[in-house]
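Q: The structure under discussion is supplied below as structure tokens; questions concerning it will follow.
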Amino acid sequence: MPLVTTTEMFKKAYEGGYAIGAFNVNNMEIVQGITEAAGELNSPLILQVSKGARAYANHTYLVKLVEAALIENDIPIALHLDHGPDFETCKACIDGGFTSVMIDASHYDFDKNIAITKEVVEYAHDKGVVVEAELGQLAGVEDDVNVSEADAQYTQPDQVEEFVDKTGVDSLAIAIGTSHGAFKFKPGQKPQLRFDILDEISKRLPNFPIVLHGASSVSQEYVKIIQENGGNLADAIGIPEDMLRQAARSAVCKINIDSDLRLAMTAGIRQVLTENPAAFDPREYLKVGRANVKTLVAHKIKEVLGSDGKA
Ligand code: G3H
Ligand code: 13P
Ligand code: ZN
């Protein structure tokens, strides 16, 4: 089947109390690992591409890899731009085959965020492409900031209706305590998400899909393998999976996962190279990394997102 937008996926996920995994893709093995898992579990899927992924792998290669995955797997897949930095990048992806884009103007003030988002929405909707935007700021919630500074970074519920009304955006990424990368909380710090803010936002935006970025759970199993095989990831801490399950049952319809894929792939590659230092055929270690990605995604779909059988 051809690429789809997220409209139908989100409607079903919202009503069904589950979430769609949005997994970042950068190369063929990652695309294969993710889509094989989703295909076998009959799960809808969002494959997302960042500015860095486009710079690394090239726009056309990534689109063609995803098209190949669609031929091999009979599931609905949306191709999404992750953290689009500006109108031009969003336009390039809209014109270049993506079915969904994120414009991330969350670092600007409220009015400028609205203006930039609205411009992208108008262009995208005209071409049948859907748009995600972000309100609030993820980065730094775990840093050394005082309580009032931290509070200011969370999405403010009293801004969401105006933002959605004025921009016409299709989904909204919010900041409730998640953050990007493998070091989300300090050692000894109790992981917490502001479900009270999420509840307040969903009351103000009925039937509206919410997006959670920075949602890797940083499996200690993979951290341990990386540590034991020459890596240095001490103190890597993610979002506990029970919190992600709770989010998936709520208005959160899209859960972004990238760091977990990186850890799974790297753990596999490090393991092979430690066990066989003479290995120099990339297929030998990449296939183990790819198998780890597939295992991880199957686990997320079945045990965290609840999207299995929903294709
Ligand atoms: O949120 C960011 C994603 O994990 C993408 O990361 O910009 O290094 O590709 P990247
Ligand atoms: P993680 O770093 O927690 O995987 O977050 C990924 C993400 O939000 C991509 O937009
Ligand atoms: Zn993100």
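Coordinate-derived values only; no laboratory data. Fair warning: this is a prediction, and the values are worked out from it, not measured in the lab. When we count neighbours, we look across all protein chains shown, and the Cβ atoms used for this are built from the backbone with ideal geometry, even at glycine.
Q: Give me the log10 of I(q) over I(0) for the chain at q = 0.07, 0.08 Å⁻¹, as the Debye formula computes it from C-alpha points; what are the numbers?
A: So the normalised log intensities are -0.25, -0.33.
Q: Translational diffusion coefficient of segment 205-245 at 20 °C, 1.002 mPa s, Stokes-Einstein with Kirkwood Rh over Cα pairs, in µm²/s as a whole number.
A: Estimated diffusion coefficient is 175 µm²/s.
Q: To the nearest whole percent, what portion of all C-alpha pairs in segment 178-247 is separated by more than 13 angstrom?
A: 69 percent
Q: I need to check one value: relative contact order of segment 211-311, counting alpha carbon pairs closer than 8 Å and at least 6 residues apart, in percent.
A: 31 percent
Q: Mind ranking 37-49, 180-192 by how tightly packed they are, going by the mean number of other C-beta atoms within 10 angstrom, highest first?
A: 37-49, 180-192
Q: Would you calculate, for the chain, the mean residue ellipticity at 222 nm contributed by helices, counting each DSSP H stretch of 4 or more residues as -39,500 (n - 2.57) and dividing by all residues, to the nearest 500?
A: The helix contribution divided over the chain gives -15000 deg cm²/dmol.
Q: Something else: With Cβ to Cβ distances under 13 Å as the rule, what net charge do the other residues near Val252 carry (K, R +1; D, E -1)?
A: Neighbour charge sum, excluding Val252 itself: +2.
Q: Continuing with the same structure: Please enumerate, by chain and number, the lysines with C-alpha under 20 Å from the C-alpha of Lys310, excluding those fewer than 8 residues away in the same chain.
A: Lys11, Lys12, Lys254, Lys294, Lys300, Lys302
Q: So, how do all the Cα-to-Cα distances of segment 163-311 break down into 10 Å bins, in percent, from 0 on up?
A: Distribution as computed: 11, 35, 30, 17, 6, 1 percent.
Q: I'd like the Karplus ³J(HN,Hα) series for segment 10-21: coefficients 6.51, -1.76, 1.60, θ = phi - 60°, whole numbers in Hz, and an x wherever there's a Gly or Pro.
A: Coupling constants for segment 10-21: 5, 4, 5, 5, 4, 5, x, x, 9, 10, 9, x Hz.
Q: Which number gives the lysine pairs in segment 58-197 that have C-alpha atoms under 14 Å apart and are eight or more places apart or on different chains?
A: Summing the qualifying lysine pairs gives 4.
Q: Which is farthest toward the positive dipole end of the chain among Ser219, Val169, Ser250, measuring Cα position about the Cα centre, with Cβ charges +1 (Lys, Arg) and -1 (Asp, Glu)?
A: Ser219
Q: I'm a student and want to see the number: the projected area of the Cα convex hull of segment 74-228, averaged over all directions, in nm².
A: Quarter of the Cα hull surface area: 11.7 nm².
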